[in-house]
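Remarks on the structure that follows.
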């Protein structure tokens, strides 16, 4: 029987502190007033906590310029990430089904290509993509980002999905058909519910990638109509042009981290399963 | 251990021609992977070819009349330029140090997580937060942490030699590199721990029990039983993390913008192409970066004997 | 009877079985929504001209309102603070034929690059004549490329030598005569004061270096129209004199502790501190301390930019903004009309009164709004300084040259007259000809 020793408890605390200290830090910063961070304050906790930063960023004050840019960036991030995720998962599902269930020439080629894409330095594409997109009028458009995002999330999606699909007892489809279902009904009522969790996990992982992407976001966009959150945050100009608004940046950070924390809280088991099956067999 | 399932088609020797079922399966399989294949090839191969073409020119976007064919001139310039090598050295240093540190700390975390039987959900959530958080956000958080006026590193650690209330972490090369590495390590160690945990879970308890019965000490169990059986998992993790670390960009862009000579290879490529509008030179850098990553991957696979089938996710 | 095995996660709600069809539907909906979102911004009726401005305290936005007519509304969008970033943003979008930019506030050194790339719409000849007549010579020089005026001169900024009257009294320095850098550095270090400048690794540092070199009678680069074959002259005697000044300051007691990262803001703080003595900075400084440090505000004295070499007239830096019309704008004629209105002396003066960034025309200076805000001898000093200012070299390769200088002359403590000018000259040449990476 495994006994949980003191060392394990201590390790538990260390891991929690490691993971959560910077989060606590930006939350604390987000409650500091703009004046406090401009003059500089060496305290971890705010001296006089205030909701001002949140009000400014969410458009609840009279000056709407900061919130307008920030909310536009949120809109862009959500839209682009969701569309890229849907398309990538669609394509990956087809490919993963084939890889997990069928034998065909070129299976290893596809997997090797996926591996190569996963290792590809995305920054190598900024020069040529900028040149190509300005010719095809895709510069500063949603598709201009969605297309590369779809491509670079394919490997992880394919790996996750094929690992999940291998676990599915496919013979149940045939059993259902023996029991009288048509092949479409068998697919819909038996296979899809079993495949759905894997698809969902793959969707979460690809969403994280698109949500997080930075290099292409700053290189292939130029206005708030397309700029995603990571890019917009690096362009934050506060009221004083010579001093970046630290506390507002922290507030923006907290706001965009909330959905991540919620998703992680709800689906941590799924996400871990997807990540570890993608990289390590078993 | 490195055996893979041999795909059926290489043992085609037996039947003189494929059965109808195999042909149909073959065609269906290829049709299903076609969209993925086409997309991956189009979005990476085509621009890379374009980059290869552009790299043969001296081409500055905003002075189009000075465009001229220089053949391999750009490559010669880059490979003989001290800035390029400095940045490559920075990048390799970051890669080696962060992966090494992450391996050690990540393994320790994995051991802890393996033994925890309570609050597993809390643990998993905590571990995933650094993974899920946007890199830019984490970079800002650490930038403020090391800030001289607003950060807590100086005030909390001023009892350490070398750190005082007025240490300017962004004032010189090594301090800035340290800050960048800390930020990178913080974010990716939990992910590394997860990968190692998965590998750790596969080490059979029976083997460990047998070793204990045989009188092996904890450290002998660690080095002679656990680690060797985790080899495959560790090496795949090293491959992915090393290549990720080599492509570091977000942390450097946000924390120092490359000041104090902290540029990485990716940052140099970005700056040439997007800020200097040097499409010719930038494309040459893109091609070199791509080749370097390829070389690195090949070296790691060969040197660490990484199980490629496992890396590829084959069944 | 074969009982189906419950696999993990098999408890999905039945709605999930319409997966693919639902996804196609939501995809279409999302695509439409995306299309609608990105298409928002059109005004239905009145034309909107978008003016991309550099960050300021509201002056440009104010006159944008004034100059809006029944035919068009001028709205503003803010660019990043850093001059090079402004250039990157604008050039990138213009190269991508973006029609969302109509007017732009352009930093003078980057005017040639944008004009050379065909990114600026030509200014009507009649308008050019008016502008040449109304603007300072320095302003028109900085706005000219290939014999044509390519931007509308808007502000002409310059730097003067600001000093603390109390300190100068203590140090016994006569500020009614022209002073040299050597004199003020010695006066400051002998009496416990600081000389604040801009010496961070950014465009502001090159502004200082250019002023020093020009003040010694030299230029950074000659024959700029030859493009990559321009002659680099930073390593002439003038360059050595400039390097000598920087070396002296960096190693003296008068150097502020944050010298190597100082920009306009840091210099302002150093000057306002208890041991502040001298500072070179832009015209906005006069009102900079009014609300935060009124005692400092009362203590400010001003004189012409220091001489690099004893007896040789100093050449103050030239900064400012020119308004350019994008050649990819959908409303070029209206944009030209708008620009002509924005640079009228009255608007220049209104803008200056709000931000401290001075007009590009003598008439603007005469405007009562300006006369009210600055003492008459300061106004005269500004005008004299603009008239004798030395602009940074007009060349489409300015960003490369500036970057190369920043690379080799930073940090200030490493500058030496015997090596730095020569090193930088070689580097500039190599960067221009593509033999070295910047």
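Structure data summary
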read-out: Residue list for segment B:43-55, restricted to those being at the interface with another protein chain (Cβ under 8 Å from one of its Cβ atoms) and either closer than 19 Å to residue A:94 by Cβ or not in a helix (DSSP H, G or I) (or both); value: B:43
read-out: So residue C:138, is it surrounded by 17 or more Cβ atoms within 10 Å (Cβ to Cβ) and in a loop (DSSP other than H, G, I, E, B); value: no
read-out: Candidate set from segment A:82-96 (those that are crowded, with 21+ Cβ neighbours inside 10 Å and at the interface with chain B (Cβ under 7 Å from one of its Cβ atoms)); member that is farthest from residue A:206 (Cα to Cα); value: A:95
read-out: Options B:109, B:157, B:144, B:118: the member that is at pLDDT below 90 and surrounded by 19 or more Cβ atoms within 10 Å (Cβ to Cβ); value: B:144
read-out: Tally of residues being crowded, with 24+ Cβ neighbours inside 10 Å and over 17 Å from the mean Cα position of the chain (by Cα) across segment B:265-276; value: 5
read-out: Looking only at segment C:220-232, and only at residues there that are touching a residue at least 40 places away in the same chain (Cβ under 8 Å) and assigned to a loop (DSSP other than H, G, I, E, B), the one that is farthest from the other protein chains (Cβ to nearest Cβ); value: C:220
read-out: Any hit, segment A:119-129, residues being in a loop (DSSP other than H, G, I, E, B) and either under 20 Å from residue A:200 (Cβ atoms) or free of Cβ contacts under 8 Å to residues at least 12 places away in the same chain (or both); value: yes
read-out: Single residue of B:217, B:256, B:262 found to be surrounded by fewer than 18 Cβ atoms within 10 Å (Cβ to Cβ) and either more than 9 Å from chain A (Cβ to nearest Cβ) or at pLDDT below 90 (or both); value: B:217
read-out: Subset of segment C:147-163 [in contact (Cβ under 8 Å) with a residue 60 or more places away in the chain and closer than 29 Å to residue B:65 by Cβ]; value: C:150, C:151, C:152, C:153, C:154
read-out: Odd one out for residue B:171 among (1) within 13 Å of chain A (Cβ to nearest Cβ); (2) touching a helix residue (DSSP H, G or I) at 6+ places or on another chain (Cβ under 9 Å); (3) not in a helix (DSSP H, G or I); value: (1)
read-out: Residue among A:145, A:161, A:194, A:154 that is over 30 Å from residue B:138 (Cβ atoms), surrounded by 24 or more Cβ atoms within 10 Å (Cβ to Cβ) and either out of contact with any strand residue (DSSP E or B) (no Cβ under 7 Å at 6 or more places or on another chain) or at the interface with another protein chain (Cβ under 9 Å from one of its Cβ atoms) (or both); value: A:194
read-out: Hits in segment C:265-279 (condition: buried (at least 19 other Cβ atoms within 10 Å of the Cβ) and either touching a helix residue (DSSP H, G or I) at 6+ places or on another chain (Cβ under 7 Å) or in a loop (DSSP other than H, G, I, E, B) (or both)); value: C:268, C:272, C:276, C:277, C:278, C:279
read-out: Residue match in segment C:312-327 (condition: at positive phi and either crowded, with 23+ Cβ neighbours inside 10 Å or in contact (Cβ under 8 Å) with a residue 40 or more places away in the chain (or both)); value: yes
read-out: Scope segment B:130-150; condition free of Cβ contacts under 8 Å to residues at least 24 places away in the same chain and over 23 Å from residue B:175 (Cβ atoms); matching residues; value: B:132, B:134
read-out: Test for residue B:178: is it surrounded by 22 or more Cβ atoms within 10 Å (Cβ to Cβ) and at pLDDT 90 or above; value: no
read-out: Residue in segment A:101-142 that is surrounded by the most Cβ atoms within 10 Å (Cβ to Cβ), counting only those that are more than 7 Å from every other protein chain (Cβ to nearest Cβ), more than 14 Å from residue A:220 (Cβ to Cβ) and more than 23 Å from the chain's Cα centre (by Cα); value: A:101
read-out: Residue check, residue C:284 in a loop (DSSP other than H, G, I, E, B) and under 20 Å from residue C:263 (Cα atoms); value: no
read-out: Inter-residue pairs, beta-carbon under 6 Å, first within 14 Å of chain A (Cβ to nearest Cβ) and in segment C:96-121, second surrounded by fewer than 21 Cβ atoms within 10 Å (Cβ to Cβ) and in a helix (DSSP H, G or I), 6+ apart; value: C:96/A:134
read-out: Members of segment C:77-106 that are assigned to a loop (DSSP other than H, G, I, E, B) and farther than 12 Å from residue C:325 by Cα; value: C:79, C:80, C:81, C:82, C:96, C:97, C:98
read-out: Considering residues of segment A:176-191 that are assigned to a helix (DSSP H, G or I) and free of Cβ contacts under 8 Å to residues at least 12 places away in the same chain only, the residue surrounded by the fewest Cβ atoms within 10 Å (Cβ to Cβ); value: A:184
read-out: Any hit, segment A:31-44, residues being without any contact (Cβ under 8 Å) to a residue 12 or more places away in the chain and either surrounded by 15 or more Cβ atoms within 10 Å (Cβ to Cβ) or in the same structural domain as residue A:208 (by TED's automatic domain parsing) (or both); value: yes
read-out: Positions within segment B:268-292 being assigned to a helix (DSSP H, G or I) and within 25 Å of residue A:229 (Cα to Cα), in sequence order; value: B:268, B:269, B:270, B:271, B:272, B:273, B:274, B:275
read-out: Filter result for the condition that a residue is at pLDDT 80 or above, within 8 Å of chain B (Cβ to nearest Cβ) and touching a helix residue (DSSP H, G or I) at 6+ places or on another chain (Cβ under 8 Å), over A:31, A:12; value: A:12
read-out: Selection status of residue C:204, assigned to a loop (DSSP other than H, G, I, E, B), under 21 Å from residue C:112 (Cβ atoms) and either touching a helix residue (DSSP H, G or I) at 6+ places or on another chain (Cβ under 6 Å) or within 14 Å of another protein chain (Cβ to nearest Cβ) (or both); value: no
read-out: Among (1) touching a helix residue (DSSP H, G or I) at 6+ places or on another chain (Cβ under 6 Å); (2) more than 8 Å from every other protein chain (Cβ to nearest Cβ) - the single one residue A:222 does not satisfy; value: (2)
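The values are calculated or read from the model by the stated rules, or taken from the named source; none is laboratory data. Note that the structure is predicted; figures quoted are calculated from it, not measured. Note that each Cβ is placed from the backbone with ideal geometry, even for glycine, and that neighbours are counted across all protein chains shown.
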